[in-house]
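A.B. asks: Input: one structure, supplied below.
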Amino acid sequence: MRAISECIQNALKLRFPRSNFTAYFEYLKTCPELSKGTEGTEEHHIIPVSVLTNYNGKLYELHQHSPENKIVLFKADHDTAHLLLGKAEPWLLRTGRRARGLTK
């Protein structure tokens, strides 16, 4: 099972205190650990780039380049991760390049 940094989890919860990201984090933990460049995979930012670039506090400074904030997922898992993010916090479904078209 993949480990998701507690620091990363807490940072996202801090930014959206009324949102419940449990299903999102639990899903990511079940995804296989893959190497960058593996066929059919994409890099996923656990705290989305749209949050990092729209927030001017410590969250941005701490996590903009953090390797803990990036994981490699199969494309289908990447799409599901973004859908779960959108269910937890609808603002995230309306922002960012990756979110477009994932409105189920």
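The values are calculated or read from the model by the stated rules, or taken from the named source; none is laboratory data. All of these numbers come straight from a predicted model, not from anything done at the bench. Backbone-built Cβ (ideal geometry, glycine too); neighbour counts: all protein chains shown.
A.B. asks: Any residue at all in the stretch 70-90 that's surrounded by 19 or more Cβ atoms within 10 Å (Cβ to Cβ), within 21 Å of Glu42 (Cα to Cα) and modelled with pLDDT under 90?
C.D. replies: Among the residues of the stretch 70-90, not one is surrounded by 19 or more Cβ atoms within 10 Å (Cβ to Cβ), within 21 Å of Glu42 (Cα to Cα) and modelled with pLDDT under 90, which makes the answer no.
A.B. asks: List every residue pair whose Cβ atoms lie under 8 Å apart, where the two residues are 6 or more positions apart in sequence or sit on different chains, the first residue falls within the stretch 1-21 and is closer than 18 Å to Pro90 by Cα, and the second residue, located anywhere, is of a type outside the set (Val, Ile, Thr) and not in a helix (DSSP H, G or I).
C.D. replies: Taking only residues 6 or more apart or on different chains, the pairs are Gln9/Phe21; Leu12/Phe21; Lys13/Ser19; Lys13/Phe21; Arg15/Tyr55; Phe16/Glu89; Ser19/Glu89; Phe21/Glu89.
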